[in-house]
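Here is the structure we will look at.
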């Protein structure tokens, strides 16, 4: 894991998204590379932030439940990213966008960066909840990436981005809800 590379990718997709989408599009690595090298480290960091938040900073959670919530967060972020990418790959031809699984994975992984950053910071510093507004930048990255990465025709771009946004946010939320329902998590006050 190359931390410097991850930091540069995060910085570039936030500060220079147009240039970074072009670099991502030219990248010949497969989806496994992008998942292992970029998405997984961020998702692991998010899960660790959940564990720290619930295990140390919040009252009312046992260590067991904090750990279970961290596992649920990891699984829901990972499965949300995975299934969103597959669904986007599947529906892309409907919008005359590029039908390529690797490209769909790159699109979802890198467009999710602002969301991951906002979650990371607000998990560690809940008083900065207003940073969740940064989720909106994810929508902007979806907009740019739909053109620069997936070559979505202008006439289909709005519909594609709306559907992609619903899939991205909905899939992760659905995974989280399902896991909360099937795993024995309690949030009763401890102590």
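State all residues of the range 150-167 that are part of a loop (DSSP other than H, G, I, E, B) and more than 20 Å from the chain's Cα centre (by Cα); if no residue qualifies, say none. Passing the criteria: 151, 152, 153. Counting only helices (runs of 4 or more DSSP H) that fall entirely inside the range 1-87 and contain at least 2 residues that are out of contact with any helix residue (DSSP H, G or I) (no Cβ under 7 Å at 6 or more places or on another chain) and surrounded by fewer than 16 Cβ atoms within 10 Å (Cβ to Cβ), the qualifying elements are 3-15, 17-26, 31-34.
Bear in mind that the values in this text are calculations on the coordinates, not laboratory data. The shown structure was predicted, so the numbers you read here are calculated from the model rather than taken from an experiment. Note that we place each Cβ from the backbone using ideal geometry, even for glycine, and neighbour counts take in every protein chain shown.
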